[in-house]
Structure formats: C-alpha cells, structure tokens
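Just so it is clear, none of the values below were taken in a lab; they were calculated from the coordinates. On a predicted model such as this, the values are computed, not experimentally measured, just so you know. Here the Cβ is made from the backbone with ideal geometry for all residues, glycine too, and neighbour counts use every protein chain on show.
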Amino acid sequence: MLRGALTVWKRATARGAWVLVAVFAVTATVGVFAHGGVSEASGAPEEVRIPPLKSRPMPPPATFSHWGHNHRQCYSCHPTVFPQSRMGFTHQDMQAGQFCGACHDGARAKAVIAMKCEGCHAP
C-alpha cells in the first residue's frame, strides 16, 4: 500500500495536481487518527502492559500508551530506551534515567515521581 501511495504522490506532484496531493494528505492523516495513532505498518499495539518483575496484588501492572506518545517516532525509543520485547523495570530504574525515566525526568517531560500512580498503574 505504501509503495502505491508514494507512486500516486510522485505523479501528482510532478503534474502539479496539488488538489490531489491535499486530498492524499488529509486521507493519510485521518487514517492515522482512525487507527489509534499507531501506524498499521509499525504493528505496534495501541497500549502495552508492562510485565511486573514480581507478582503482587496491587498496584496493577503499568501500561504504556503508544497513542499518548504519538508525537514521537518509533526510533525515539526503540531500540535504545526500550527493547522491542516487553520487559519489566522498577521505579528505581526510571529515577536513574532508564526506560520511562529517559524522558520523564522533569525537564523533557513530567517527572515520574510527580505523576499520580493511576496514570500508569490503571486496571
């Protein structure tokens, strides 16, 4: 699908068909929002449940929302900050600047320690 879309784009811009280009851009944008902000091509789930390092009744395991972070590109976090596979980590890891703490340090984004538990640990 992507190859075909790029071909249409190149032909339209070469012919000066800016209306077609505008329609293509709007259609592509609507497609992104209709799929929860995560590209079908990436195969990324909208929400990821972080596996706990040890079993516990409360709080529930944290969740990560790709939708809530859709202003970033996949390569902003993968594979440097997060591996492509799910793995658990601790609040101490985050406070040391690893995993979520790489951005949620209080400078680039709201600090982990300043967030409500329910923001990540939702049932």
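In this structure, the amide hydrogen of Arg49, modeled 1.01 Å from its nitrogen in the peptide plane, lies closer than 5 angstrom to those of Phe64, counting only residues at least 5 positions away or on a different chain. Sequence-ordered 3J(HN,Hα) estimates for the range 46-58 from the Karplus curve with 6.51, -1.76 and 1.60 and θ = phi - 60° stand at 4, 9, 10, 8, 6, x, x, 6, 9, 5, 7, x, 9 Hz, glycine and proline given as x.
The label-point distance for Arg72 and Arg108, in a model that sets each label 7 Å from Cα toward Cβ, rounds to 0.7 nm.
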